[in-house]
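Everything below concerns the one structure shown next.
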């Protein structure tokens, strides 16, 4: 019975249906890349392409951020984004994890 179990288990491992414990251990120890691990976009220095790359910001909102920055000067806090046309408090909270002011 044990021999049959080992044969089936090994066959399933070879077919990739079951991962070996070694593979599972490697998968567990590899850190997942999270959004917070990625570089944040500095809203005081970012160009249009960098701002558009932020999930939740389209070209129109990105242009509004740049226009506001050019007119009013550097942002001192992320919460200042609500002063930009098209950026609601809800959106600001949603994207603030991907942004920085410097």
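Nothing in this text is a laboratory measurement; each read-out follows from the coordinates by a stated rule. Treat the numbers as computed from the prediction; the structure is a model and nothing was measured. Virtual Cβ from ideal backbone geometry, glycine too; neighbours counted across all protein chains shown.
Observations, loosely collected:
- Ranked list, fewest to most other Cβ atoms within 10 Å of each Cβ, for 43, 66, 95: 66, 95, 43
- Label sites at residue 85 and residue 50, each approximated as a point 7 angstrom past Cα along Cα to Cβ, lie 2.4 nm apart.
- Stretched out straight at 0.36 nm per residue, the stretch from residue 42 to residue 72 would grow longer than its current Cα-Cα span by 9.2 nm.
- Ranking of 100, 7 by neighbouring Cβ atoms within 10 Å, starting from the fewest: 7, 100.
- log10 of Debye I(q)/I(0), alpha-carbon scatterers only, for the range 39-88 at 0.17, 0.18, 0.21, 0.23 Å⁻¹: -0.42, -0.47, -0.66, -0.80
- Note: relative contact order over the range 39-100, using C-alpha pairs below 8 Å and six or more positions apart, is 42 percent.
- In terms of surrounding Cβ atoms within a 10 Å radius of their Cβ, 40, 61 rank from fewest to most as 40, 61.
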